Every structure is written in structure tokens, then in C-alpha cells.
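Values in this text are rule-based calculations from the coordinates and carry no lab data. Because the structure is predicted, anything quoted here is derived from the model rather than measured. Every residue, glycine as well, gets a Cβ built from its backbone with ideal geometry; the counts of neighbours run over all protein chains shown.
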Amino acid sequence: MKKKILVFQFVLLFAGLFFVKTPVFANTIETAKSASTGQTITDSLIDDQSNNVNYYKISLSTAGCLSLKVTSYLERTGFRIYDSNYNSIKYSTIYWDSASKVGVGTLSYELQNGTYYIRVIGNYGDSSSSRFFGKYSFTLDFNSAGVNHTESNNDFGAAVNIGLNSTVKGHIALNNEVDYYKIKLSSAGRLSLKITSYLDRLGFRIYDSNYNSIKYDTLHWDSASKVGVGTYNYDLQADTYYIRVIGNYGNSSSCYYFGKYSFVPSFSSAEVNHIEPNNSFATACKLDLGKTVKGHIALNNEVDYYKISIPQTCTINIKVLSYISKIGYRIYDSSYKSIEGYTVNLNNNASSKTEATLFNFKKGTYYIRIIGSYWYGGGSSYFGKYSMTISQSFKKPSKCEITSLYNKSKKKIFCQWREIFVAKGYEVTYATNKKFKNKKIKTVKSNQCTLNKLKKGKTYYVKVRGYNLNSSGKKIYGNYSSVRIVKIYN
């Protein structure tokens, strides 16, 4: 009987070797345990070859921030994130408090939508084997970035088309470090980007349709609120543009900061009313007297040239309405020689300024160059829209000054005076009494004349004034010169 019992026990033992359930360990990516957001995972690392590392698998339907709130009873607990192709994205390490022998911390990972694997190891996050063992737990949390466009848009070819006045919501992820957007401007003007960022640094860079960099800017967050808010303006020609967004300085090629952001693009037309570009003497736009031209100094069109013909010697009034901090215009003759210049500066906090300046022109062809800087500068440092009106000024001539007066010959007086630039002609008034009773007037075009048929032995009183002509041909008189006296001796 004892023999039978021993045989039966042996059979049970032998069968147990085949039917006892073998523990399933998640110690490879392929055998990763499924996890989901909102779940708390409690697990342990055991000091044996079969269970000294654990893997978990989680799927994210949208881009955002995956957080792991960790409690660990290991001296060091390492976490490493892999994408669906098993490429390592980032690793982190939780250290325990040596007194309480508990490690607590929250690890955050900004990720695109997709499937990810989380490796837990009793060592540094980038280690290949465990040195520490024990229990740990972590709670998975996820905050969507609310991205409202297709991803990945991480190069010019994949740039997302955006429109004006609509909010763009984007996300800089550990596995998607840069975003590109594409926007079309049908006219010259100012593109504004109103930005809200949850990154320490967020860089924006503008490119033209040929992928040439135009300008970059960087928005820094407020260290207390951890939010950055700002508006950036770009004065641009009509074209298609690309906007690159990166978690770093605007001119950086690598990303150091991650998170969500949003911006609203808006546009204000410069209402340019001439053909562009007009950025050289050869492409100068024709400008008619009395007409207002509306122009724009852009980041990619820093100078404007205009060409104007002056039909007669006159005074010209150049009136500029500027929305630019500093705008300078330079006048050249038909041989491209610089002859005059002027700068209009905005006052502090002023949005615009109107300023008119008078210049004396002789008949001929002239060029006017406009830049966003001092008139003598070589290029623009300030940008925006402006308007300019060039008109003929019907200025009152200045007071005449007689320079020579004498009895020239028999019953004749020679009179000469300083030429007045705006004068179209002169009136010489003379009489034999200082009250100019029975006066005579001689009108001439030049600055000298001879008075004839005078009376011998008489004293003559002489004065001269210039005149200009207004648009209807009416004379505008200047002041008379001082009265000069001359006696006829022969």
C-alpha cells in the first residue's frame, strides 16, 4: 500500500511540472503590459534575470503632455520612453530620500499622438540593467495640447496652410521638435502674430517663398506664471511666406523646450498704389506733381525709388505722412547725384507723423529714394507704410535787395538786384518823389534792367519787388526792396 501511495505522489509531482502556471513578466517591449491614462500602476522589480526590468504600452490619440506621478521604494528608479518603432525618446531617474527611503516625483513628456512604451528599471533611466529592486507605483495623466491641424508639419514641404484671424494651436514635442506653417499675403503690409506660449522659449522665423530667411524673434515666458504672451510684427511684400516655430531662440536649429502654444495671424494692408518692387533708379515709379503715392518699406523690400519731372524752376513742397519710427528721403538729379535729404522722426509713442519740407528745384528730372532710416543711410532699420505728396509751392517771394543803381548814360538808370529763386518776374517802380506819386512800373524777367527817357537834373526814387504765380496764373507779390535814390546828371 505504501508503495502505491509513493507512486501516486510521484505522478502528481511530475504532472505539476507541466501544469503549474508560469509567471508572465513584462521584461521586453514585445511583452509590454497595456496601460491607459488615469490608471495607477503598482509593480515591482525583482532581483532575478527574468524580472529586473518592466515595460508598459500606452496609446495617445492626440498630441500633448504625458505625466507620470511616481512613488518608488528603490534607491534609483529609471524611466525611459520609446516610440512605436522602439526608438528611445527620453529617459529620467527618480531618486529616493535617504532618510525615508521613498522617492516621489512627477515626470512629464511632451509627445505626438501615437503608441509609446515606458521602460522601468532599478537604475538610471539610460542604464541597461537594474542594481536596485523593490516596489514602485505611478499614475498616468495626460493633458492634450489641443492641436487643430495635421501633424507632422516639420519641414517646408509639409507646412500647414493657415488663414488670417484664426487661432492656430500647435505643439512642440520630444519627437516633433519643429512646426512649419504657410500663409499667403495678396498685398504688401504688416503681418502680426499674437502669440501665447507655454514654453520657456519659443522661436518664430519668417521665410519667403524661396525659403530665404527674413527675420526671427523669440518669446520668453514669465517665470512665475510659466506663460509667454507677445505680438510680433513683420512688414512684408505680397508673397507666400513660411513660419517656422521651434522651442528655442528663433534662429536656433535645435530644440530645447517643449510644450503647447497658439498664435493668431492678422494683416494690415499698406494700400500701396504703385508697382513694386521699385527699389532702384532703373525701376523708379513715376510720380506726378500733386498726386499722393502710398508706399511701404518692407523687411524684404527696404527701399523705394520715385521719378519726377519738374516743368519749371520753382519751390517744391514734399509732404510725408509716416507710420515708421524713422523715414528718410534723399533727392538725386538726373545724373543720380545726391543734392538734398531729410529725415522724419516719430515722436515718442506716436503712431504717425505728417511733415512738409520745401525745396528749390530747377527745371529737370529728379529721383527720390525712401528708406526706413536717416536719409543718408545705406539701408532700412525701421519698417512700415507711408504716403508722400509732391506739389509745387506758390510761395511768396522774399524781399528784394538792390545791389547796384546808377546813372548809366544820357537820361538812363541801370538797376540790379539779387535774384529770388521762386520769383517768376520783377516789378521796378520809380518816381521823382519819395511818395511815388505819378510812379512808373517796369516789369522784367531777369534781375536787372535799364530805365530810359528820364529827366536830366531830376532825382529818382527806385524800389523793386518780385512776384510768383499761383495755379491760376495770378501774381503773388513779395515785399519791396528798400528805396534807393539816384540823380540824373546827363
Give me D for the chain in µm² s⁻¹, whole number, from Stokes-Einstein with Rh from the Kirkwood sum over alpha-carbon pairs, 25 °C and 0.890 mPa s.
80
To check you understand DSSP bridge types, tell me what percent of the beta bridges within the chain (both residues inside) are antiparallel, rounded to 5.
95
With each label point set 7 Å from Cα along the Cα-Cβ vector, what nm distance links Lys69 and Val102?
1.4
quick shape note, the range 102-205: Cα extents on principal axes in Å, largest first -> 66, 25, 20
With Leu66 itself left out, Lys, Arg at +1 and Asp, Glu at -1 over residues whose Cβ is under 10 Å from its Cβ give -2
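Only Cα pairs under 8 Å and at least 6 apart count here; give the relative contact order of the range 402-487 as a rounded whole percent.
On the way: 176 pairs, mean separation 26.9, N = 86.
31 percent.
How long is the gain from Ser482 to Lys33 if the chain were fully straight, where each residue apart is worth 0.36 nm and the alpha carbon distance is subtracted? Can you show the working numbers first?
Values: separation 449, 0.36 × 449 = 161.64 nm, distance 10.88 nm.
150.8 nm is the gain from fully extending Ser482 to Lys33.
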When you have a sec, figure out the Kirkwood radius of the range 402-487 from all distinct Cα pair distances and drop it here in Å to one decimal?
13.3
Please give the net charge around Arg244, taking every other residue with its beta carbon less than 12 angstrom from that of Arg244, where Lys and Arg add +1 and Asp and Glu add -1.
-1
Cα centre as origin, Lys/Arg/Asp/Glu Cβ charges: the chain dipole, Debye
6200
Added length on full extension, which subtracts the Cα-Cα distance from 0.36 nm per residue, Asn452 to Asp222:
74.0 nm
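Could you rank the peptides 255-266, 218-229 by their average count of other C-beta atoms within 10 Å per residue, with the highest value first?
255-266, 218-229
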Expressed as a whole number of Å, what is the distance separating the alpha-carbon centroids of the range 83-122 and the range 296-347?
63
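Report the net charge of residues surrounding Ala282, where surrounding means a beta-carbon distance below 15 angstrom and charges are Lys +1, Arg +1, Asp -1, Glu -1.
Details: positive: Lys286, Lys307, Arg369; negative: Glu276, Asp304.
So the surrounding residues net to +1.
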Note to self, the chain gives a 222 nm [θ] from helices alone (DSSP H runs n ≥ 4, -39500 (n - 2.57) apiece, / all residues, nearest 500) of -1000 deg cm²/dmol
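Please list the three semi-axes, largest first and in whole Å, of the ellipsoid equivalent to the range 210-351, using sqrt of 5 times the eigenvalues of its alpha carbon gyration tensor.
Working: eigenvalues 322, 60, 36 Å².
Square roots of five times the eigenvalues give 40, 17, 13 Å.
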What angle, in degrees between 0 and 90 and rounded to the nearest 10, separates the Cα long axis of helix 2-19 from the longest principal axis of the Cα atoms of the chain?
10
Would you mind computing Rg(Cα) / (2.2 N^0.38 Å) for the range 35-168, counting N as its residues?
1.24
List, largest first, the extents of the alpha carbons of the range 156-269 along their principal axes, each in whole Å.
40, 26, 21
